[in-house]
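Novice: Below is a structure I'd like to ask you about.
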Amino acid sequence: MRPLLSMAYSEKLLDYFQNPRCVGEIPDADAVAEVSNPVCGDVMKLWVKVSDGRIHDAKFKAQGCSAAIATSSYATEMLVGMNVTEARLITKDQIANALGGLPASKIHCSVLASDAIKQVLQGF
Amino acid sequence: MRPEVVAAMMPVFTEHFGNASSIHWFGQHAKSLIDDARQHVAKLINAETAEIVFLSGGTEADNLAIRGIAESQKSGGRHIITSQIEHHAVLHTCKDLEKQGYEITWLPVSHDGLVNPEDVRKAIRKDTILISIMHANNEIGTIQPIEEIGRIAAEADVYFHSDGVQSTGKIPVNVKSLGVDLYSMSAHKIHGPKGVGALFVKKGTALKPTMTGGGHERNRRSGTENVAGIVGFGEAARLAREELMHKMPRMRELRDRLETGLQSHIEFIHVNGGNAPRLPNTSNIMVDYAEGEGLVISLDLKGVAVSTGSACSSGSLEPSHVLTAIGKTPDEAHGSLRFSLSTMTGIEDIDYVIEVLPGIVERLRELSPYYNRGRTP
């Protein structure tokens, strides 16, 4: 039986929290963005490699709650292989829904990732 | 709840279901059960039985104490002194009174989480009607200098309330030596049932009831008594008093083992309120470069239940007001963990936490963009 507290989250979200994909830094990144959540203070940093309008690699680091880490990881993973125009259209709801939805008090966590994406792609 | 408490309550549901206000045998038997419970609760804090008012819990006790005095004393003044680290039941009640035209002085606390009695003395004015300072803090466990504040309140002839929800049953409480006029208690904090508590009201205290009706509890709190709850509270109080002296030193030992163990296995952690007198069962630990909710969820997945002062764990998204009052930034408050031990906590539980937490912290720090930057904690 799953412990009670974590039951507010989906299995998929907990998996992305416990085994986050795309963690790290890209030393020769084409763009880096750091965003913090004005609501709760969570931080996400996002690195991307971009050429010919396509995102070839993306990595993130985050200091925040389980939902912030899971959404950051999932969003970063989504980016890899996408073209920039497509990636700019990623919404917070898309990220949250892909992870089985978020409790109402955690919706703001998915904003962190969507903001980071918009900011890191600004120059392309 | 303790099994003894459940056992004491069961017959009230099945056999002794009388209404304590009725004069027939069933009613009178219920009344005698309440009287016994009242004795146990009174003994736990060295009060007279007539000074114990049963009600629905700590929140109601705080409300009755503060609103009851505010209402009965308003012709003499509208100034109340309290601290910045009170439980929400006191904090929000005082804020509500502020809106109604009362003036509240919110005393600061030291970095160790203590109110300075001299600050209380200086804050007293001619129109001060009440001082309300908690006995022990619910988040960091620091024990306030209540006796000193009690003397100051008595000299100034101002009513003194203390929220004793956290301290009752965990440290010796003597309302006479503390010098309080009002003292709040909650049954479930001492392994009793939820939904029942008590307010100690010193004989002669002018208190306007907040609950009006049939005049129960010597006109202090109307409403048919929650007999089963009160009986459970009484049994829990009896056990707490009996076991306090031998169980608390053990709990303190376990708490210290936890803190020493974690500090030797994890760098950049601090014990909040660690330099102040503290409850034996509370440990509030701040972890730099990691966020509290993530730590709580990780521990939860390993079967350990703790809480955090992180904004991300609360519906309000505000960092803990207690941690900000002791000088922590919202970022620092974000990484705090609160461990609450009980008499049922064993050494193996403590050692398990010492075994699993370092790995959890390390994993979350690896994810942090700040950890490798060498920011001075």
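Novice: Kindly indicate which of B:60, B:118, B:139, B:51 is in contact with a helix residue (DSSP H, G or I) (Cβ under 9 Å, 6 or more places away or on another chain), modelled with pLDDT under 95 and at negative phi.
Specialist: Result: B:139 is the single residue among B:60, B:118, B:139, B:51 that is in contact with a helix residue (DSSP H, G or I) (Cβ under 9 Å, 6 or more places away or on another chain), modelled with pLDDT under 95 and at negative phi.
Novice: OK, next. Looking at segment B:174-181, is at least one residue out of contact with any Asp or Glu (no Cβ under 8 Å at 6 or more places or on another chain), assigned by TED's automatic domain parsing to the domain that holds residue B:39, basic (Lys, Arg) and more than 16 Å from residue B:43 (Cβ to Cβ)?
Specialist: no
Novice: Please determine whether any residue of segment B:310-323 is within 14 Å of chain A (Cβ to nearest Cβ), at pLDDT 90 or above, outside any strand (DSSP E or B) and under 22 Å from the mean Cα position of the chain (by Cα).
Specialist: Yes, the conditions are met somewhere in segment B:310-323.
Novice: Another question, then. Determine if segment B:278-297 includes at least one residue that is in a loop (DSSP other than H, G, I, E, B) and among the β-branched types (Val, Ile, Thr).
Specialist: Looking through segment B:278-297, none of the residues is in a loop (DSSP other than H, G, I, E, B) and among the β-branched types (Val, Ile, Thr).
Novice: Does at least one position in segment B:151-167 carry a residue that is part of a strand (DSSP E or B) and within 21 Å of residue B:323 (Cβ to Cβ)?
Specialist: Yes: one or more hits.
Novice: Still on this model: Of the residues B:18, B:76, which is outside any helix (DSSP H, G or I) and crowded, with 17+ Cβ neighbours inside 10 Å?
Specialist: From the options B:18, B:76, the qualifying one is B:18.
Novice: Specify which of the listed residues (B:259, B:267) is among the acidic types (Asp, Glu), more than 27 Å from residue B:195 (Cα to Cα) and part of a loop (DSSP other than H, G, I, E, B).
Specialist: The match here is B:267.
Novice: Any idea which residue in segment B:40-59 is nearest to residue B:182 (Cα to Cα), counting only those that are touching a Ser or Thr at 6+ places or on another chain (Cβ under 9 Å) and buried (at least 16 other Cβ atoms within 10 Å of the Cβ)?
Specialist: B:51
Novice: Here's something else I'd like to know. State which residue is farthest from the other protein chains (Cβ to nearest Cβ) when the search covers only segment A:26-63 and only residues that are in contact with a Cys (Cβ under 7 Å, 6 or more places away or on another chain) and modelled with pLDDT under 95.
Specialist: The qualifying residue farthest from the other protein chains (Cβ to nearest Cβ) is A:42.
Novice: Taking interchain pairs and intrachain pairs at least six residues apart, which have beta carbon atoms under 7 angstrom, with the first residue in segment B:204-223 and at negative phi and the second of a type in the set (Asp, Glu) and surrounded by 13 or more Cβ atoms within 10 Å (Cβ to Cβ)?
Specialist: B:205/B:181; B:208/B:71; B:216/B:225
Novice: Inspect segment A:95-104 for any residue being at the interface with chain B (Cβ under 10 Å from one of its Cβ atoms), under 19 Å from residue B:293 (Cβ atoms), under 10 Å from the mean Cα position of the chain (by Cα) and touching a residue at least 40 places away in the same chain (Cβ under 8 Å) and give the result as yes or no.
Specialist: No, segment A:95-104 contains no residue that is at the interface with chain B (Cβ under 10 Å from one of its Cβ atoms), under 19 Å from residue B:293 (Cβ atoms), under 10 Å from the mean Cα position of the chain (by Cα) and touching a residue at least 40 places away in the same chain (Cβ under 8 Å).
Novice: Of the residues B:332, B:355, only one is more than 9 Å from every other protein chain (Cβ to nearest Cβ), under 22 Å from residue A:106 (Cα atoms) and part of a helix (DSSP H, G or I); which?
Specialist: B:332
Novice: State which residue pairs qualify: first residue touching a residue at least 12 places away in the same chain (Cβ under 8 Å) and exposed (fewer than 15 other Cβ atoms within 10 Å of the Cβ) and inside segment B:260-271, second residue in a loop (DSSP other than H, G, I, E, B) and not hydroxyl-bearing (Ser, Thr, Tyr) in any location, beta carbons under 8 Å apart, and separation of 6 or more residues or different chains.
Specialist: Qualifying pairs under 8 Å: none.
Novice: Consider only pairs whose beta carbons are under 9 Å apart and that are at least six residues apart or on different chains; among these, list those whose first residue lies in segment B:32-49 and is free of Cβ contacts under 8 Å to residues at least 24 places away in the same chain and closer than 15 Å to residue B:201 by Cα and whose second residue is among the basic types (Lys, Arg) and in a helix (DSSP H, G or I).
Specialist: Correct list of pairs: B:49/B:38; B:49/B:43.
This table checks each residue for (1) among the aliphatic types (A, V, I, L, M); (2) within 12 Å of chain A (Cβ to nearest Cβ); (3) more than 23 Å from the chain's Cα centre (by Cα).
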residue: B:269; (1), (2), (3): yes, no, yes
residue: B:274; (1), (2), (3): no, no, no
residue: B:281; (1), (2), (3): no, no, no
residue: B:291; (1), (2), (3): no, yes, yes
residue: B:294; (1), (2), (3): no, yes, yes
residue: B:305; (1), (2), (3): yes, yes, no
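The values are calculated or read from the model by the stated rules, or taken from the named source; none is laboratory data. None of these values were measured; they are calculated from a predicted model. Every residue, glycine as well, gets a Cβ built from its backbone with ideal geometry; the counts of neighbours run over all protein chains shown.
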